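What follows is a short report on a single structure.
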Amino acid sequence: MESFRPSTEVFFSAMQRMVKGFFFVLVLADATKHVWLGLQDTSLAGAYPIALAGAQITFLIHLFFDFSGYMHIVIGAAQFFGLQLPENFDRPWQSKSFLEFWGRWHMTMSNWFKTYVFNAVLMALVKRWPSAKLSDVHGVVAFFLTFFLVGLWHGTTWAFVLCGFLLGIGASANQVYRNVMRRKLGKKRLEVLSGWKPYSMAAAALAFTYICFSVIPLWLGIAQIRNVVITYKLTGLIAAELVLFVFLLVALPGVQRLSRLWPPSLPRLQAAMVAGFQCAAIDAYVFLFPAIGGAFFYEQF
């Protein structure tokens with residue numbers, strides 16, 4: 001068996017991925033963690049819808065930098081040994097629907113659940129009730145059960161049961177909406193509507209608003225959630241989600257536009273300069289501010 005010897009290109013690519021990962025985790029994830037925890041404390045101290053909205057979006061941003069940074073480190077380290085690990089993120093901020101988001105976020109988990117849960121449940125339902133009239137129902141039920149189990153995959157306490165329920169509702173509602181719109185408008189007219197910028201912007205903002213809401217049980221315990229419901233009441237919760245929706249409606253297009261302008265790969269010299277800046281930023285941040293302490297947030301799941 002021929003031994004693997006990393007070339008200069010492989011070495012540079014691996015180091016670049018690892019530096020990017022440490023920059024994500026030690027700088028961006030840690031900075032957003034402090035913002036999220038501050039907003040969380042404020043949102044739990046009273047009925048402050050803006051703080052609750054801010055805590056939701058900063059938690060998702062923190063989770064992205066923490067988890068994707070970890071994956072950059074792992075994928076880069078694997079390249080040193082000649083291993084090509086699968087990517088786990090595909091620009092999730094480009095998503096325009098709840099289901100598209102989960103096709104871009106934690107893709108290894110999503111693909112596993114799609115293969116071994118969703119497809120299995122759908123086949124079992126079709127085999128048990130083989131009716132074309134029930135095909136939409138089969139899909140909705142399969143999506144709900146799959147995403148309910150995704151919530152339970154993160155933990156088995158009541159908070160994660162609630163998370164799974166919310167994820168299942170989101171996936172089922174997305175599938176019902178797609179079925180209804182496809183039936184009413186037809187495939188071509190629906191594609192035209194989906195390409196209409198105001199519609200796609202509103203759809204993306206709504207999807208991310210619900211995603212932020214559905215993963216609240218990942219950062220609040222069931223007792224804290226109960227306290228939030230009692231304190232904010234229905235009007236306060238709706239106000240927080242409206243604030244979040246408006247913020248995303250304004251911010252998401254800019255984020256998506258900037259990410260499209262950034263090239264997927266840079267020339268060697270520019271890539272080295274970016275990596276050097278990231279190293280300098282890591283060194284300065286760890287020196288000036290308290291670091292994350294070596295623990296990845298996603299480890300607890």
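Assorted remarks:
- Applying the criterion of being open to solvent by less than 30 Å² (accessible area, probe 1.4 Å) and not in a helix (DSSP H, G or I) to the residues of segment 98-129, the residue that is modelled with the highest pLDDT is Trp105.
- For Phe213, the requirement of being open to solvent by 40 Å² or more (accessible area, probe 1.4 Å), touching a helix residue (DSSP H, G or I) at 6+ places or on another chain (Cβ under 8 Å) and under 29 Å from Asp30 (Cβ atoms) is met.
- Within segment 130-171, tally of residues that are polar (S, T, N, Q) and either in contact with a His (Cβ under 7 Å, 6 or more places away or on another chain) or surrounded by 21 or more Cβ atoms within 10 Å (Cβ to Cβ) (or both): 1
The values are calculated or read from the model by the stated rules, or taken from the named source; none is laboratory data. All values derive from a computational prediction rather than experimental measurement. Note that we place each Cβ from the backbone using ideal geometry, even for glycine, and neighbour counts take in every protein chain shown. Just the protein is used for accessible areas: all its heavy atoms, side chains included, with ligands, DNA and RNA removed. Shrake-Rupley method; radii C 1.70, N 1.55, O 1.52, S 1.80 Å.
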